[in-house]
Amino acid sequence: MVATRAAQVLVASNRGPVSYSRAEDGSLTARRGGGGLVSGLSAIGADADSVWVCAALSDDDRAAAAAVGGRLDPADTGGQRVRMLDIDPAVFAGAYNGIANSVLWFVHHLLYQTPLEPVFNQDFRAEWAQYESYNAAFADALAEEAAEGSAVLVQDYHLTLTPRLLRERRPDLRIGHFSHTPWAPPDYFRLLPDDIATSVLRGVLGADRAAFLTRRWADAFAACCADLLGAEVTADGHGLAVRHEGRTTRLGVHGLGADAEFLRERAHRPDVDERMAALREQIGPDRKVIVRVDRTELSKNIVRGLLAYERLLATHPEWHGRVVHVAFAYPSRHDLAVYRDYTATVQRVAEEVNSRYGTADWQPLILHVKDDFARSLAAYRLADVALVNPIRDGMNLVAKEVPVVSEGGCALVLSREAGAFAELGEDAIVVNPYDVEATARALHEGLAMPDGERAVRAKRLAAAATALPPQRWFLDQLAALSD
């Protein structure tokens with residue numbers, strides 16, 4: 001591996017800012033991604049000696065990483081220094097699908113059907129060992145890349161063990177961990193085997209600072225530490241702190257917001273205009289539009305949302321022919337059977353709604369399952385009502401993005417279990433995500449809301465939604481590590 005200068009700021013996450021695919025001629029082509037971390041890291045400037053450590057997610061990623069010893073060509077990354085880890089595929093699969101997405105995600109989103117699952121047997125223990133190896137690979141790489149006393153921001157539930165492992169290797173570093181998911185309350189977190197639950201908590205407590213999207217999730221983490229570890233939880237003017245095994249980890253809250261400047265500019269490019277025209281033609285003239293945009297993750301509660309729309313049509317026939325539900329349910333984690341089955345259920349329910357209520361000149365529900373960001377932005381612009389009804393969500397940026405982009409101002413029907421509720425609840429129509437009847441009533445309320453009230457609410461929602469844009473969100477965390 002070619003030697004390089006040590007970094008002063010490091011980010012660690014499962015997914016990095018670039019991915020690779022193989023062209024027909026066998027060459028590898030890089031594709032740069034976006035998102036809050038990409039925007040945030042760009043805020044510190046090219047001269048900040050930063051490096052992003054991530055995992056190779058595919059065979060093409062592994063080939064690209066192996067060809068350059070893991071340190072990617074800056075021409076592929078937009079000038080960003082990226083260390084991509086070529087982790088053994090079996091280890092990666094066990095850590096990512098076996099533990100992160102099938103255990104930790106399910107615990108924090110309260111998704112288990114407890115009469116049947118979870119079952120923590122010998123297969124689980126084998127996958128847990130792979131999760132430990134995966135986290136250790138990140139800790140090793142970060143320890144190698146970091147300059148003396150540098151700041152390291154470790155991201156999410158894939159890397160809960162990394163802060164402690166890195167602390168053991170490099171006690172000089174300033175380490176932060178950020179959770180992009182909810183955190184389970186103690187009674188549910190205790191579904192995990194005792195030693196595993198303890199390892200996760202102790203892993204995060206290896207950080208100097210553990211941060212969350214809302215105070216609710218920070219409180220839940222602190223409660224788990226107190227209940228399971230016997231840790232001391234204190235509160236002062238700076239927030240919560242957890243003291244355990246002679247160390248103190250401060251807790252912080254950073255409610256990631258929407259990037260208003262980017263969204264408004266991107267939403268008016270020609271490709272969005274084209275998709276907007278196509279959607280208008282599908283919807284038909286003078287019809288109200290209910291919009292949802294989600295991955296088909298189990299936590300997003302898409303099926304109950306569709307059932308609520310069906311119930312709206314059943315209880316309010318005056319909306320027949322006058323409203324269309326535009327629902328984008330983009331595939332997620334289709335290497336897991338439960339997600340494939342869920343996507344099939346979404347499609348089946350959508351077909352049933354159209355079969356039951358559709359007419360020759362009115363398709364009540366338009367469902368798209370192929371990912372298309374430009375089409376999502378087009379739907380945002382058209383939205384009269386946005387439906388965001390997750391069972392549980394760390395934040396949910398769709399709830400923040402639609403009010404920013406909608407042209408006429410939209411009413412927001414929002415689950416009280418979304419992290420965004422903490423900031424947007426006052427101007428949203430708030431629902432219990434399990435209550436289909438109440439969600440149907442909320443959709444009616446949103447559709448019937450006077451234009452003036454809807455516009456005023458949307459303006460306040462947009463202001464709250466953009467209060468902490470990605471660059472400030474990132475820089476605030478970095479500054480807090482230095483306090």
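Among the strands (runs of 3 or more DSSP E) lying completely within the stretch 372-439, list those that include at least 1 residues that are on the phi < 0 side of the Ramachandran plot and open to solvent by 20 Å² or more (accessible area, probe 1.4 Å).
429-431
Among the numbered criteria (1) over 25 Å from the mean Cα position of the chain (by Cα); (2) at pLDDT 85 or above; (3) open to solvent by less than 50 Å² (accessible area, probe 1.4 Å), which one does LEU28 miss?
Here LEU28 meets the rest and fails (3).
If we scan the stretch 164-175, do we find a residue that is assigned to a helix (DSSP H, G or I), farther than 25 Å from LEU72 by Cα and open to solvent by 60 Å² or more (accessible area, probe 1.4 Å)?
yes
Looking only at the stretch 445-471, which residues are open to solvent by 50 Å² or more (accessible area, probe 1.4 Å) and either in contact (Cβ under 8 Å) with a residue 24 or more places away in the chain or in contact with a Leu (Cβ under 6 Å, 6 or more places away or on another chain) (or both)?
GLU445, ASP451, VAL456, LYS459, ARG460, ALA467, GLN471
Take the residues of the stretch 411-441 that are touching an Asp or Glu at 6+ places or on another chain (Cβ under 9 Å) and of a type in the set (Gly, Ala, Ser): which is farthest from HIS109 (Cα to Cα)?
Among those residues, the one meeting the criterion is ALA411.
With respect to ALA231, is the statement that it is open to solvent by less than 40 Å² (accessible area, probe 1.4 Å), in contact with a His (Cβ under 7 Å, 6 or more places away or on another chain) and either modelled with pLDDT of 95 or more or of a type in the set (A, V, I, L, M) (or both) true?
Yes; evaluated as a whole, the condition is true for this residue.
Restricting to the stretch 199-228, count the residues that are farther than 21 Å from ILE99 by Cα, among the basic types (Lys, Arg) and either touching a Cys at 6+ places or on another chain (Cβ under 9 Å) or open to solvent by 40 Å² or more (accessible area, probe 1.4 Å) (or both).
Number satisfying all stated conditions: 2.
For every residue, the table says whether it meets (1) open to solvent by less than 50 Å² (accessible area, probe 1.4 Å); (2) aliphatic (A, V, I, L, M).
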{"site": "ILE290", "(1), (2)": "yes, yes"}
{"site": "VAL293", "(1), (2)": "yes, yes"}
{"site": "LEU298", "(1), (2)": "yes, yes"}
{"site": "GLU310", "(1), (2)": "yes, no"}
{"site": "THR315", "(1), (2)": "no, no"}
{"site": "VAL326", "(1), (2)": "yes, yes"}
{"site": "LEU336", "(1), (2)": "yes, yes"}
{"site": "TYR339", "(1), (2)": "yes, no"}
{"site": "VAL346", "(1), (2)": "yes, yes"}
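Within the stretch 294-324, work out how many residues are over 27 Å from the mean Cα position of the chain (by Cα) and on the phi > 0 side of the Ramachandran plot.
Counting residues in the stretch 294-324 that are over 27 Å from the mean Cα position of the chain (by Cα) and on the phi > 0 side of the Ramachandran plot gives 1.
Check every one of the helices (runs of 4 or more DSSP H) wholly within the stretch 42-119 and list those with 1 or more residues that are surrounded by 15 or more Cβ atoms within 10 Å (Cβ to Cβ) and at pLDDT below 95.
Filter on the stretch 42-119 gives 59-67, 74-77.
The values are calculated or read from the model by the stated rules, or taken from the named source; none is laboratory data. These figures come from a predicted structure and were not determined experimentally. Glycine also receives a Cβ, built like all others from the backbone with ideal geometry; neighbour counts cover every protein chain displayed. Protein only, heavy atoms only, side chains kept; ligands, DNA and RNA dropped before computing areas. Shrake-Rupley method; radii C 1.70, N 1.55, O 1.52, S 1.80 Å.
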